[in-house]
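Below you'll find the structure, written out as structure tokens, and then a few comments.
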Amino acid sequence: PHGVERGGVNRLTDIDLESDAEPHISLIYALGMTTGTTATTYSPENVVTREQMAACLGRVIQALAPSTS
């Protein structure tokens, strides 16, 4: 998982571990499809701009695309 490091250390201190979204946030963070707003925060209540969404979707598409190498 992304936000939760091996050994159970949660690097994203503002993510509620009981939240239904936490496993999804941790996964897309671990896969490099999203980033935090700082080294330890995700800011889950912040508004996402169209630019940020485009960057995230671009990373998702790249991750899902077959490798050409």
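The values are calculated or read from the model by the stated rules, or taken from the named source; none is laboratory data. This one's a predicted model, so the numbers in the text were calculated from it and none came from an experiment. Cβ sites come from the backbone with ideal geometry, for glycine too, and all protein chains shown count toward neighbours. Accessible surface is based on the protein model in full, side chains and every heavy atom, while ligands, DNA and RNA are left aside. Shrake-Rupley method; radii C 1.70, N 1.55, O 1.52, S 1.80 Å.
Each residue of region 44-57 is assigned a 3J(HN,Hα), and the resulting list reads x, 8, 5, 6, 9, 7, 4, 5, 5, 5, 4, 5, 5, 5 Hz, derived from the Karplus form 6.51 cos²θ - 1.76 cosθ + 1.60 (θ = phi - 60°), x at Gly and Pro.
Of ILE61, ILE15, the residue with the largest accessible area leads and the full order is ILE61, ILE15 (1.4 Å probe). For GLU51, the solvent-accessible surface computed with a 1.4 Å probe is close to 150 Å², ligands and nucleic acids excluded.
Rounded to 0.05, the FRET efficiency of the ALA54 and ASP14 pair, given R0 = 30 Å and the Cβ-Cβ distance, is 0.80. According to the square roots a ≥ b ≥ c of the eigenvalues of the Cα gyration tensor, what is the shape class of region 26-69, taking rounded for a/c under 1.5, prolate for a/b larger than b/c otherwise, and oblate for the remainder? Taking the square roots of the gyration eigenvalues as a ≥ b ≥ c, region 26-69 is oblate.
Run the paramagnetic zone check for HIS24: 7 angstrom along Cα to Cβ, then residues of region 34-50 with backbone nitrogen under 19 Å. What the label zone holds, given the 19 Å backbone N cut-off, is 34-37, 42-50.
The string of couplings for region 15-31 from the Karplus curve (6.51, -1.76, 1.60, θ = phi - 60°) is 9, 6, 5, 8, 5, 5, 7, 4, x, 6, 4, 4, 5, 5, 5, 4, 7 Hz, one whole number per residue in order, with x for Gly and Pro.
On region 11-69, 59 percent of the accessible area sits on carbon and sulfur atoms, based on a 1.4 Å probe.
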